[in-house]
Amino acid sequence: MTDQKQQWTRREWLQFVGGTTLMASLPTISEAAENVQNADSLLEPIRVTSDLPALAAVTLKGGKVISQGAVGFRKAGNPTRVTTKDKFHLGSCTKAMTAHLCAVLLEEKRLDRETTVLKAFPEMAKTMHSAYHEVTLDHLLSHRSGFPGESWLKGHDFGETRRFSGSPVEQRMAYLRAILKEAPDAKPGEKYIYSNRNFTVAGVLAERAAKTSWEMLIEQKVFRPLKIGSAGFGAMGLFGKVDQPLQHLLDGEKRVVIEPGPDADNPPSLAPAGTVHMALEDWAKFVQDHLDGLRGEKGTLTSDLYRYLHTPLFGGEYMGGWVKTKREWGGGNVYTHTGSNTQNFAVVWMAPTKNFAVLIATNQGGDAAAQACDQAAAKLIQTYLL
């Protein structure tokens, strides 16, 4: 999954995208289909040059989808082509959805921004490191809790996150107990440290408040109101079939196809931080909802909650699963995020002033995938906005 180091190493290239040179409710895709331009010819040269199995994108402008494309193959070496209905893994772009869920629960008064981790989990008072006693939802959604950047426990590796057993809810609770015992890397609010732990804990706070699993909550409270029907969790498709894009991992210069299965994605313990997959046309519904909210138009949340989710609270640029920055092409403030479980890559850029967004995804991880998605974003911005 994307960590902040990966996100900021892309900064120089994104300065080109965002410098002086570059960078209403949503109708259903079927309603707008007659006006949607095919972006395949823009995407295919980038896919081929970058040697990716597949590349897909959606462009939003003026409250509707204006272009869409999907090129390449579901599985490297297999002739089955991707379609615009195929599902792609969103990685850490899941974080904005978990934050949105928390906002819904704030509106329902099931969550409170001032509720501390200690108050939410009093049974852990004796084992929780005292530095976490005053951590709130604001800290978690801003990556300002002080949690270390690694998802795994100190002295271990990523496999540590898979050792927990039971239901997804039980696995997350066990993970929570483990990470709350460890010393933080900073005091709450003091320092920005991008960590999947933050959004996992936010997801567990939601589970505790609503007495329902994060998976069920995000389906009921986020996807269903937006009429998102393609969403799922973990790897796309069925084992042994090529019914959806398969994930691809780069092992040195070797490309490895990852078959769907329980170990083919981040474990349930990290689900709220990055396990959602869906068709890009459905992801576009979520993004358009946030465009609408930031523009003062009707969305699924109140205007105050949209502002909350997109306003960094402790300085810096991060809040609610979005990086807030400025771009000339966007007319001022724009919002972005990337996602990767190392086997896929996704990126979104959203410009509320222009009522414009681009969403791009590929079924392979690695630097070439990230650069290809950035190149596609730049091309779509040049073509449909500038």
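Structure summary
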item: Debye, to nearest 20: dipole size of segment 196-326, +1 on Lys, Arg Cβ, -1 on Asp, Glu Cβ; result: 440
item: Overall Cα dimensions of segment 112-210, principal axis frame, Å, largest first; result: 31, 29, 24
item: Net charge dipole size for the chain [Lys, Arg +1 and Asp, Glu -1 on Cβ; Debye, nearest 20]; result: 360
item: Leading residue at positive end of dipole, the chain (Cβ point charges), from Ala346, Trp283, Ala54; result: Trp283
item: P(r) of segment 139-273 over all Cα-Cα pairs, binned every 5 Å from zero, in whole percent; result: 2, 10, 16, 18, 19, 17, 12, 6, 2, 0
item: Positive-end extreme of charge dipole, segment 112-210 - chosen from Ala202, Ala174, Leu140 (charges on Cβ); result: Ala174
item: In segment 289-375, the trypsin sites (Lys or Arg not before Pro) that fall in loop regions by DSSP, at most 14 other Cβ within 10 Å; result: Lys298
item: Which of His248, His133, His277 has the fewest Cβ neighbours within 10 Å, and the rest in rising order; result: His133, His248, His277
item: Of Lys87/Lys221; Lys227/Lys324; Lys191/Lys285, pairs whose Cα-Cα distance is over 23 Å; result: Lys227/Lys324; Lys191/Lys285
item: Those trypsin sites (Lys or Arg not before Pro) in segment 238-283 that DSSP places in a loop and that have at most 15 other beta carbons within 10 Å; result: Lys241
item: Which labelled figure in (i) 19.3; (ii) 17.6; (iii) 20.2 is mean projected area of the Cα convex hull in nm², once derived from the coordinates; result: (ii)
item: Cleavage-rule hits, GluC sites (Glu not before Pro), segment 174-270, DSSP coil, Cβ neighbours within 10 Å at most 11; result: Glu253
item: Taking Leu55, Leu137, Leu294 and counting other C-beta atoms within 10 Å, the order from fewest to most; result: Leu294, Leu137, Leu55
item: Sorted by Cβ neighbour density within 10 Å, fewest at the top, the residues Thr342, Thr200, Thr80; result: Thr80, Thr342, Thr200
item: Computed [θ] at 222 nm, deg cm²/dmol, the chain (DSSP H ≥ 4; -39,500 (n - 2.57); rounded to nearest 500); result: -9500 deg cm²/dmol
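Readers should treat all values here as calculations from the given coordinates under stated rules, not as data from a laboratory. Given the structure is predicted, the values throughout are model-derived calculations rather than measurements. Note that we place each Cβ from the backbone using ideal geometry, even for glycine, and neighbour counts take in every protein chain shown.
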